[in-house]
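Asks: First, the structure itself, so that you have it in front of you.
Derivation of every value follows stated rules applied to the coordinates shown; laboratory data play no part. It should be emphasised that the depicted structure is a prediction, and the values quoted were computed from it without experimental measurement. All Cβ positions, even for glycine, are placed from backbone atoms using ideal geometry, and neighbour counts span all protein chains on display.
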Amino acid sequence: MTTTQERPAAEIGRDRRRKEDQRLITGRTRWTDNLTLPGMLHLAMVRSPFAHANITSIDTSAAEQAPNVVAVVTGQGIADEQGVVINAWPITPDQKAPTHTPVAVDRVSFAGEIVAVVVARSAAEARDAAELVDVEYDELPAALDLKEAAEDKVIAHPDLGTNKSALWVFDSSEAGTGGNVEDAIEKARSDGILIEREYRQQRLIPAFMETRSVVVDPTGEQITMWSATQVPHIVRFALAATTGVSESKIRVIAPDVGGGFGGKLQTTPEEWVAFALARRLGKPVKYTETRSESLVAAHHGRDQWQKLTLAAEKDGTVTGFKVDLLADLGSHVAIVGGGVPVLGAFMFNAIYKFPSYRFSCQTVLTNKTWTDAYRGAGRPEATYAIERIMDELAVEVGVDPLEIREKNWIKHEEFPFTTVCGLEYDSGNYEAATARAKEMFGYDELRAEQKKRREQGDKVQLGIGISTFTEMCGLAPSRVLGSLDYGAGGWEHASVRMLATGKVEVVTGASAHGQGHETAFSQIVADRLGVAFEDIEVLHGDTQIAHKGLDTYGSRSLVVGGEALVRAADKVVEKAKPIAAHLLEASADDIEFSHGRFGVRGTDQGMAIGEIATAVFAAHNMPDGVEPSLDSEATYDPVNFSFPHGTHLCAMEVDTETGALKMRKYVACDDIGNIINPLIVAGQVHGGLVQGIAQALWEEAVYDESGTLVSGSFVDYLLPTSADTISFDIDHTTSASTTNTLGTKGVGEAGTIASTPAVVNAVVDAVRQFGVNDIQMPCTPERVWKAIQTGGKGGGTEGAAMPHFEAGGEAGNQEQPGTASTEGAGA
Amino acid sequence: MTRISLTVDGAKVSDDVEPRMLLVQYLREKLGKTGTVIGCDTSNCGACTVHLDGTSVKSCNVLAVQADGGEVTTIEGLAQDGKLHAVQEAFRECHGLQCGFCTPGMIMQSVDLLKENPNPTEEEIRLGLEGNLCRCTGYHNIVKAVQYAAGHGADS
């Protein structure tokens, strides 16, 4: 019954197969929608078809008469008990934010907003009856275009009087972290290089595979909510804070959760509605959204215009970078809201030694779906901007884009390095990652091939794209969050429970939704306590079991949650030492702990940690004054962010006659610090890459002129398939983080952050010879072709999603014919 | 209501169903076969893929009444006598899943693909799975898993 002393070599670094997989590959899963409770009722939402309208009347009588309908509830009918959906990060003290009621009460501000809820005995009956709810609207002009909205031409929320929510500014000369960027720009204008560009970050949809689902059971003393969420602890807090129900009466469980990517980092109207109606009716209720509802009503991501000014010496040494952002919040300020672009503020200087920097971001309300975190959250936008414009600088100087990066990046011997934003990068080695990536890519050979094909005037041209990215991960030091006016901290909690049989329960406040915490965290604890990987159970995602936590986002689980785990495990060892000394009849000073065994120095006597756990359980023979428990917990607040980095290289084949694109090769060499499980890391990188590549080439949430989301189903929103993508070449260089015990940096977002500019740089590189210096994302064949034809940016590309069902097109995503949403394409 | 009788994962079942009920709804709501999941409402994602009379179908694209008299195998019926199917084993071995939501459909489609083509090229695998969406893996390790399964007797 005890653990052995014959554990194999270290678990950390092993490509352990995942503990999670057995249930997932056999269908023995607990997705929220799988839950059925006795007497459970089902909700269906009536959603506004209009982007902006006053609700003049709602007639629920026909719906109420429909079979098995229990209740039909309007915003007016639930106004007093529904609570509000919160914004946790008011980025400025004067930020303007409309009240976000879960069900609209008298006015709707985006197409898809809930206006009424039907409760019935089955989901089908609820949906049938929802069709019978008759809502009269008085349509209002809608603020749709981000730039026009920023000029207050049409007001998204009339009572606010403006669409401008907040203006957030960082200036290195004001912060004392660098010089004045205007001086640098002035000098570059007369005696250097000045590059001015405007880039578009199109609107994206996270599109997790499991749509959002919530079950609320009000039976018993506590109200239990199961939700497909990344953030059960935050949901619990916010429910308590906005409904007046005591936090101790609310239990939130995130069971198996089918992906999130930031899209489930939210407190949602649907959760709040389900909570209110379960309480009112005294019955369990369930709501599972359809995919079409998910695409229109779950928060979107990105959606920025970026005005950039890069100042440099004639030799390409950057002297200043100025960034002016417009960020579309959509209809409401979401939980992170304006904090998303602010997270990017510190990353536009990336891996470079810029002497001066200024960032300003105007967040803007519009009558479109609200936006919030999507994989990378602020950092992909920043990385895209800087990595695109560094290529432009290289062209101006007339050198290889890697050369211009090397001229400006922080050298490996200069770490730790304090950036122009005031962040201290603890470790990194950009030279090493770049050298390895070039070697894997065959950089020089591909450049030679490119040159030859250009000279020959080949119909299909080769483009090479580079992205030398970094990111700030491990969200986040609480005092930093406090200084940025975020409403909560950034710590994480863990506990380690030593069971009587020698098995170990690990409880983490991080809440996995596909990442593999159960496996990776088991590896960490196995090494730390010297127990078998199989003897460890990782528990998470239930506020009653993991009573304390701040959940999973921002590549924080390992860097912050893992460190909490290490500290809790170390406390177990410290608690066990005096007990081991007592049982071994030795002095505590002579006890050594190694590989799961407490030994007496200079002897062969010792006990396994599991044996001590059993002895503590019995508690027959404890030293005086020592409590009979080894269980320990730790709450860790990070002292700094971590800074993964890497060099990504992409080769694209561009058919200059048709604009068709084909990815030929993609190499990623990431430095993510020490690696716990290389198999899981590879999966994170691959999946991240495809999400970033998808932004570059395929995805866009498109609205028509009346504010209807036309890419509102998987027929129209182009998620890449296996046939659209390639296999990747990935590797790692390692410079361990110095700010956490395990030396880890985080990897959840790296691929997404790095890949988008690598791909677009490659596409532009292939056609730059035709006078092209930008192609707006997604780089559809149509846009590429137009760019080649006009030597411009590919024409006005606002709102043009990829027409992926073009007759005879080779990019067909799915087989059945459909109508492509090409509104505004190439106008 | 229409009476249907069919075999699901080896068990004979019989129910009265609404004519509009989809096979996937029947599996999930009537039989509790929640291993098969719904990922979209336009037949694009393939998460609900099962085998009907030995061939993969998107069970959101089949009415329950169409399965009358048929034999359905879901992800829950793939392992035999407690032994994982070679494709299930391969997905675990190659880390071909993360959140696991697309996995039931992806595995069922992969089994069918390998039945028709026991030694597919990478391109054939990619084309054969293009009706199944995954948001986590970037498909890289799913392709590897199918290759691995092909080399470990998945077609047998």
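Asks: Can you list the residues, at least 5 places off or on another chain, whose amide H is less than 5 Å from the amide H of A:Arg203, using H built in the peptide plane?
Replies: When sequence neighbours closer than 5 places are left aside, the close amide H contacts are A:Asp303, A:Ala701.
Asks: Okay, moving on. Determine ³J(HN,Hα), in whole Hz, for all residues of the stretch A:491-507 in sequence, where each value follows from phi through the Karplus function 6.51 cos²θ - 1.76 cosθ + 1.60 and θ = phi - 60°; x replaces Gly and Pro.
Replies: These are the phi-based 3J(HN,Hα) values: 6, 9, 10, 8, 9, 10, 10, 8, 7, 4, 7, x, 6, 10, 9, 10, 10 Hz.
Asks: Going by a ≥ b ≥ c, the root eigenvalues of the Cα gyration tensor, does the stretch A:491-636 fall in the rounded group (a/c under 1.5), the prolate group (a/b larger than b/c) or the oblate group?
Replies: prolate
Asks: Pop the C-beta distance of B:Ser43 and A:Leu281 into the FRET formula with R0 = 35 Å and round what comes out to the nearest 0.05.
Replies: Computed FRET efficiency for B:Ser43 and A:Leu281 comes out at 0.55.
Asks: For A:Gly316, what is the net charge nearby, where nearby means another residue's Cβ is under 9 Å from its Cβ and Lys, Arg count +1, Asp, Glu -1?
Replies: Computed value for this residue: -2.
Asks: Here's another thing I want to ask about it. For B:Glu18, enumerate residues with amide H under 5 Å from its amide H, sequence gap 5+ or separate chain, H modeled in the peptide plane.
Replies: B:Thr2
Asks: While we're here: Over 30 Å between C-alpha atoms is what I'm after, so list which of A:Lys264/A:Lys745; A:Lys407/A:Lys451; A:Lys411/A:Lys786; B:Lys12/B:Lys83; A:Lys19/A:Lys745; A:Lys147/A:Lys353 land there.
Replies: Listed pairs above 30 Å: A:Lys411/A:Lys786; A:Lys147/A:Lys353.
Asks: Just to be sure I understand the model, the point goes 7 Å from the Cα along the line to the Cβ. What's the resulting A:Ser190 to A:Ala500 distance in nm?
Replies: Each label point lies 7 Å from its Cα, and together they span 8.4 nm.
Asks: Taking N as the number of residues in the stretch B:2-76, what value does Rg over Cα atoms divided by 2.2 N^0.38 Å take?
Replies: Computed over Cα atoms of the stretch B:2-76, the ratio equals 0.96.
Asks: Using a 7 Å offset from the Cα along the Cα-to-Cβ direction at both A:Ser594 and A:Ala736, what is the distance between the two label points in nm, to one decimal?
Replies: Going from the A:Ser594 label point to the A:Ala736 one covers 1.8 nm.
Asks: Sort A:537-549, A:191-203 for me by packing, meaning the mean count of neighbouring Cβ atoms within 10 Å per residue, highest on top.
Replies: A:537-549, A:191-203
Asks: Still on this structure: Measuring from label point to label point, each 7 Å out along Cα→Cβ, what is the A:Val169 to A:Arg601 span in nm?
Replies: Those two pseudo-labels are separated by 6.1 nm.
Asks: Identify which of B:Ser43, B:Ser59, B:Ser110 has the largest mean-square fluctuation in a Gaussian network model of chain B, with springs joining Cα atoms closer than 10 Å.
Replies: Looking only at B:Ser43, B:Ser59, B:Ser110, the biggest GNM fluctuation is shown by B:Ser43.
Asks: Let me ask another. At 222 nm, what helix-only mean residue ellipticity would chain A give, in deg cm²/dmol to the nearest 500, using -39500 (n - 2.57) for each DSSP H run of four or more?
Replies: Helix-only estimate at 222 nm: -8500 deg cm²/dmol.
Asks: List, in order, the whole-Hz ³J(HN,Hα) value for each residue of the stretch B:63-75 obtained from phi through the Karplus relation with A = 6.51, B = -1.76, C = 1.60 and θ = phi - 60°; use x for Gly and Pro.
Replies: These are the phi-based 3J(HN,Hα) values: 6, 4, 5, 6, 8, 4, x, x, 10, 10, 10, 10, 4 Hz.
Asks: Which whole number gives the average, over all residues in A:668-680, of C-beta atoms from other chains lying within 10 Å of the residue C-beta?
Replies: 1
Asks: Stretch A:Asp106-A:Asp729 to full length: gain in nm at 0.36 nm per residue minus the Cα-Cα span?
Replies: Length gained, A:Asp106 through A:Asp729: 218.9 nm.
Asks: Using a ≥ b ≥ c from the Cα gyration tensor of chain A (square roots of the eigenvalues), is it rounded, prolate or oblate, where a/c under 1.5 gives rounded and otherwise the larger of a/b and b/c decides, a/b for prolate?
Replies: oblate
Asks: Could you order the peptides A:303-310, B:82-89, B:131-138 from most to least packed, using the average number of other C-beta atoms within 10 Å per residue?
Replies: Most protected by this proxy first, the peptides run B:131-138, A:303-310, B:82-89.
Asks: Here's something else I'd like to know. Looking at chain A, do any whole DSSP H helices span at least 24 angstrom along their long axis by alpha carbon and average 1.6 or above on Kyte-Doolittle, and which?
Replies: None clear 24 Å together with a mean of 1.6.
Asks: Kindly identify chain B as rounded, prolate or oblate by the Cα gyration tensor criterion: order the square roots of the eigenvalues as a ≥ b ≥ c, call it rounded if a/c is under 1.5, otherwise compare a/b with b/c, prolate if a/b is larger, else oblate.
Replies: It is prolate, given that a/c is not under 1.5 and a/b is the larger ratio.
Asks: Which parts of the stretch A:549-573 would a label at A:Val639 reach, counting a residue when its backbone N lies under 20 Å from a point 7 Å out along Cα-to-Cβ?
Replies: Label zone hits: A:556-571.
Asks: Still on this structure: Pairs of Cα atoms under 8 Å, at least six residues apart: use those to get the relative contact order of chain A, whole percent.
Replies: 15 percent
Asks: At a Förster distance of 22 Å, what's the computed FRET efficiency of A:Arg453 paired with A:Val395, Cβ-Cβ distance as r, to 0.05?
Replies: For A:Arg453 and A:Val395, the calculated efficiency is 0.75.
Asks: If you take the Cα Rg of the stretch A:289-433 and divide it by 2.2 N^0.38 Å, with N the number of residues, what do you get?
Replies: Relative to the rule-of-thumb radius for its length, the stretch A:289-433 sits at 1.19.
Asks: May I pose another question? Within 10 Å of each Cβ in peptide B:29-40, how many partner chain Cβ atoms are there on average? Round it to a whole number, please.
Replies: The per-residue average across the peptide is 5.
Asks: Suppose a student asked you for the relative contact order of chain B, using Cα pairs under 8 Å spaced at least 6 residues apart; what percent would you report?
Replies: Rounded, it is 24 percent for chain B.
Asks: Taking amide H atoms as placed 1.01 Å from N in the peptide plane, list the residues 5 or more away in sequence, or in a different chain, whose amide H sits under 5 Å from that of A:Thr744.
Replies: A:Asn674, A:Ser737
Asks: Given R₀ = 60 Å, what would the calculated FRET efficiency be for A:Thr219 paired with A:Glu585, taking r from the Cβ atoms and rounding to 0.05?
Replies: Step by step, r from the Cβ atoms, then E = 0.65.
Asks: So, one more: Using 0.36 nm per residue, how much length does the chain from A:Thr92 to A:Glu431 gain when fully extended, once their Cα-Cα distance is taken away?
Replies: Length gained, A:Thr92 through A:Glu431: 118.2 nm.
Asks: If you count, for every residue in A:15-25, the Cβ atoms of partner chains within 10 Å of its Cβ, what is the mean?
Replies: So the per-residue partner count for this stretch is 6.
Asks: Same structure, new question: Which of the peptides A:642-651, A:242-251, A:682-691 is most tightly packed, and how do the rest follow, judged by the mean count of other Cβ atoms within 10 Å per residue?
Replies: Packing proxy ranking, top to bottom: A:642-651, A:682-691, A:242-251.
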